[in-house]
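S.K.: So that we are looking at the same thing, I have put the structure below in structure tokens.
The values are calculated or read from the model by the stated rules, or taken from the named source; none is laboratory data. Remember, it's a predicted structure, so these values are computed and weren't measured experimentally. With ideal geometry, Cβ positions are generated from the backbone for all residues, glycine too; neighbour counts draw on all protein chains shown.
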Ligand SMILES: Cc1ncc(C[n+]2csc(CCOP(=O)(O)OP(=O)(O)O)c2C)c(N)n1
Ligand code: SF4
Ligand SMILES: [Mg+2]
């Protein structure tokens, strides 16, 4: 049988993530795609703790821990210095940050880095909240979710604003490559990572990484839940290469699952009422239709 | 000054910190000064953690960590092989372990010669609360074994603590758990 | 009403009892529980306030400043990296004369990452024009938030204040906290009514360019004047609070068993309670030792130190931070305050508890033993308990 996933392991056993952590899978697959000639920068996030406490590390690539808001700037510095030293050829510089470090506090540095056109790969693993500090809302937290700063309470104060669309923000920067990926589809993720490695210029990957601790579901359901996110079209898999859209996991109408299947699996949505669920359904349908149209209008030539 | 220091062992997500606070709050109702705090640092679901309770009839003027507890409570029996639960605990101390095994067996296993009590807190919790959360049961056992707080105050503190976070039914289930654990642990 | 609250929860209750009208804050370990508790109180309808869940600490402070200029009472909280990221806006807050009150959890700064107690973060902000309080207990956190608003909103002061509590030793330690009745606190605090504000009926600009020959130095000088008024205001408000609610904390410098002391330990934060316990032990052994707790670091209690220095033989200064290339700020500033005196006590300095390393009664005893040795002529600050590589 032909192997579809490279054997190489650049993330070793002995990491410190919770049981069933989606973000742990995400890093493992990403490094399989990017390969050993990679330098990584990681800001404050769960992944600043996961590699291990000094002097231990589960990482087999060089890694700089960086300040929370600086990932984009830090990888710019690494890339520029490699060029200055004539060592850039063949080396991939990757910034790896959570949704908070990417969509919130780090968006300025990220925007600067990709606009300047550095040859850097920026990967955001999205667990839809600040997990390292114990489940506070971020701008990636979807409408309707409970977090400790959208605590529902007696006034039903769940997260009221919609999730920020970071991929579209990156596409608006006119970068060579932006994509989404999911831990439920490792082959797709690895292929996209390999593609980023081969492109010269700024690339962005947005990985869906379920978090049993923060989303309140049993740890063994991580992959099932991630698959459901794509099958409901809540988190579609697609890529945008030089402005051309391509959906990499096509969901046929008759196969599309209802958002309720997804919401019901997670404690963070347990307080939602019918009205809120319907508005989530409508929003997902609208966004999916919009993505289909984008592919139709701005897809790669058939 | 009769300062009592209690160390609680468990795993992230098992309500270890809640137990340390609950017991402190019950002791406060008896007119004591109290402190409750977790082990200092990031907590990961499932990783071993500790929490501490200090109880004293006079004001507690100390903010350092606990090194020589008078009492140790172990909420999760799977820790016994990997965590040194008797560290700093003298033979005049008290050790309570949540396990279906009997005290003698655990004493031999840990090589601990002081007062040791066991109870199947997980089973009690499953019967009363319906989930394997051993924290309140262990607190109930500690009420009996230590004699530090009265059962009435423990009940009052439990009601007060969970009133806002849990449904009325769940609060009653926890109270039932505490009562059962109190009865079942043999002194 | 007596509750069991952690230092973090005490801070959230403090904001609620002070009726902060706009809160703008960002989570960071070990401060997170403050933000979460405030969110809980709001979600349950107990706390009516505008809570802006900003995307960074820089924005948290910027939003507080602007809200304050509109005339709202504002509150925020942070720690370590977050406080450092705010640095620019800290200057902005004092320069704008906005009485923002902030709780800072003293946490070590990275790298390497550390979330444990260390006062480097707030000491590094000493030149930003903020009043700085250091708290010793969860009770003091609530009481000091009330006092801080009174001091900051005093028209002769009009400056922001930060209250620091040590990571975990206070932020995560639950203690009994007595909350005064809301009506009495309302009467004590009043409402914030600034004379000038962002107001469509009275259009003004705030912070426009000022040339060297114009008023820039005078604006800065006014901040220093505000600080000088703050010395008096802090003492007065602390006394008034004590007469109303039965708790006061010695104003700027909190003296403990100093009356007949030969040696006085100078320190700030949660270690001070452990020092109290150590003093009891040492006293029972005949060592005449006391403590001067730096409750307020800015404005610096210069006069209080000079008064204290008259009667003691030596001061032992403990810093939970270090100014690299120099020495701990407390050590430097205590010496500077005493310099004009002709008859000065011996002052020795120790850097202790850096990065959250525990300070026990034993630690304090060994420092005192060390400092009681005859003068060896060494004046440099000593780092306590450093490990060696072989260990
Ligand atoms: C300037 C600054 N502010 C706040 C923090 C505290 N902090 C550390 S990680 C984190 C949340 C990270 O969230 P995200 O980027 O989504 O990663 P996750 O933890 O969810 O993996 C926060 C708020 C910090 N380290 N630095
Ligand atoms: S909190 Fe969530 S993202 Fe963080 S380590 Fe645990 S499972 Fe992973
Ligand atoms: Mg996240």
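S.K.: Just one of A:23, A:17 is within 16 Å of ligand 3 (Cβ to nearest atom) and assigned to a loop (DSSP other than H, G, I, E, B); which is it?
M.R.: Every option except A:17 fails the conditions.
S.K.: Moving on. Tell me, which residue of the stretch C:137-155 that is more than 19 Å from residue B:52 (Cβ to Cβ) and within 14 Å of chain B (Cβ to nearest Cβ) is surrounded by the fewest Cβ atoms within 10 Å (Cβ to Cβ)?
M.R.: C:139
S.K.: Continuing with this model, one more query. Return the total of residues in the stretch B:130-182 being touching a helix residue (DSSP H, G or I) at 6+ places or on another chain (Cβ under 8 Å) and assigned to a helix (DSSP H, G or I).
M.R.: Total satisfying the criteria: 33.
S.K.: Among the candidates B:7, B:11, B:54, which residue alone is more than 10 Å from every other protein chain (Cβ to nearest Cβ) and either more than 9 Å from the chain's Cα centre (by Cα) or in a helix (DSSP H, G or I) (or both)?
M.R.: Unique residue meeting the criteria: B:11.
S.K.: Check the stretch A:69-88 and report whether any residue there is within 16 Å of ligand 3 (Cβ to nearest atom) and at pLDDT below 95. Spell out the reasoning first.
M.R.: Applying the first criterion (within 16 Å of ligand 3 (Cβ to nearest atom)) to the stretch A:69-88 yields A:69, A:71.
Add one more test, that the residue is at pLDDT below 95, and what stays is none.
No, the stretch A:69-88 has no match at all.
S.K.: Exactly one condition in (1) within 14 Å of another protein chain (Cβ to nearest Cβ); (2) without any contact (Cβ under 8 Å) to a residue 12 or more places away in the chain is not met by residue C:363; state its number.
M.R.: (2)
S.K.: Let me ask something else. Return the only residue of A:75, A:50 being away from ligand 2 (no atom under 16 Å from the Cβ) and in contact (Cβ under 8 Å) with a residue 24 or more places away in the chain. If you could, list the steps in order and put the result at the bottom.
M.R.: On the way: A:50 fails: away from ligand 2 (no atom under 16 Å from the Cβ).
After ruling out the rest, the residue left standing is A:75.
S.K.: Okay, next question. Being more than 13 Å from the chain's Cα centre (by Cα) and either within 14 Å of chain B (Cβ to nearest Cβ) or surrounded by 20 or more Cβ atoms within 10 Å (Cβ to Cβ) (or both) is true for just one of A:208, A:177. Which residue is that?
M.R.: A:177
S.K.: Looking at (1) without any contact (Cβ under 8 Å) to a residue 24 or more places away in the chain; (2) closer than 23 Å to residue C:192 by Cβ; (3) crowded, with 24+ Cβ neighbours inside 10 Å, which is the only condition residue C:48 fails?
M.R.: (3) is the only condition that residue C:48 fails.
S.K.: Quick check on the stretch C:128-139. Is at least one of its residues within 16 Å of ligand 1 (Cβ to nearest atom) and either at pLDDT 95 or above or in contact with a helix residue (DSSP H, G or I) (Cβ under 9 Å, 6 or more places away or on another chain) (or both)?
M.R.: If we filter the stretch C:128-139 for residues that are within 16 Å of ligand 1 (Cβ to nearest atom), which is where we start, we get none.
So far as the stretch C:128-139 goes, no, none of its residues is within 16 Å of ligand 1 (Cβ to nearest atom) and either at pLDDT 95 or above or in contact with a helix residue (DSSP H, G or I) (Cβ under 9 Å, 6 or more places away or on another chain) (or both).
S.K.: What number of residues within the stretch C:277-292 are surrounded by 22 or more Cβ atoms within 10 Å (Cβ to Cβ) and within 12 Å of another protein chain (Cβ to nearest Cβ)?
M.R.: 3
S.K.: As an exercise: evaluate residue A:124 against (1) within 16 Å of ligand 2 (Cβ to nearest atom); (2) over 18 Å from residue A:176 (Cα atoms); (3) within 21 Å of the chain's Cα centre (by Cα) and give the number of the one condition it does not meet.
M.R.: (2)
S.K.: Here is a follow-up. Could you list, in sequence order, all residues of the stretch A:1-33 that are free of Cβ contacts under 8 Å to residues at least 12 places away in the same chain and within 14 Å of chain B (Cβ to nearest Cβ)?
M.R.: Initial filter on the stretch A:1-33 (free of Cβ contacts under 8 Å to residues at least 12 places away in the same chain): A:1-3, A:7.
Of everything in the stretch A:1-33, nothing turns out to be free of Cβ contacts under 8 Å to residues at least 12 places away in the same chain and within 14 Å of chain B (Cβ to nearest Cβ).
S.K.: Another question about this same structure. Quick test for you: out of C:163, C:255, pick the one residue that is surrounded by fewer than 18 Cβ atoms within 10 Å (Cβ to Cβ), modelled with pLDDT of 95 or more, within 20 Å of the chain's Cα centre (by Cα) and within 30 Å of residue C:368 (Cα to Cα).
M.R.: C:255
S.K.: State whether the residues of the stretch A:147-162 include one that is closer than 12 Å to residue A:214 by Cα, away from ligand 3 (no atom under 12 Å from the Cβ) and touching a residue at least 24 places away in the same chain (Cβ under 8 Å).
M.R.: no
S.K.: Just one of C:96, C:114, C:122 is surrounded by fewer than 24 Cβ atoms within 10 Å (Cβ to Cβ), in contact (Cβ under 8 Å) with a residue 24 or more places away in the chain and within 20 Å of residue C:352 (Cβ to Cβ); which is it?
M.R.: C:114
S.K.: What do you reckon, is residue B:92 more than 14 Å from chain C (Cβ to nearest Cβ), outside any helix (DSSP H, G or I) and over 17 Å from the mean Cα position of the chain (by Cα)?
M.R.: Criteria met by residue B:92.
S.K.: Output the qualifying pairs, or none if there are none: Cβ atoms under 8 angstrom, residues six or more apart or on different chains, first residue in the stretch C:156-179 and within 17 Å of residue C:118 (Cβ to Cβ) and within 14 Å of chain B (Cβ to nearest Cβ), second residue crowded, with 24+ Cβ neighbours inside 10 Å and at pLDDT below 95.
M.R.: Within 8 Å, the pairs are C:166/B:63; C:169/B:63; C:170/B:63; C:173/B:63.
S.K.: OK, next. Suppose we keep only residues that are at the interface with another protein chain (Cβ under 7 Å from one of its Cβ atoms) and under 26 Å from residue A:19 (Cβ atoms) within the stretch B:14-42. Which one would you say is surrounded by the most Cβ atoms within 10 Å (Cβ to Cβ)?
M.R.: Among those residues, the one meeting the criterion is B:37.
S.K.: In addition: Does residue A:260 count as within 21 Å of residue A:286 (Cβ to Cβ), away from ligand 1 (no atom under 16 Å from the Cβ) and surrounded by fewer than 16 Cβ atoms within 10 Å (Cβ to Cβ)? It would help to see each step written out before you state the result.
M.R.: Working: within 21 Å of residue A:286 (Cβ to Cβ): yes; away from ligand 1 (no atom under 16 Å from the Cβ): yes; surrounded by fewer than 16 Cβ atoms within 10 Å (Cβ to Cβ): yes.
It is true that residue A:260 is within 21 Å of residue A:286 (Cβ to Cβ), away from ligand 1 (no atom under 16 Å from the Cβ) and surrounded by fewer than 16 Cβ atoms within 10 Å (Cβ to Cβ).
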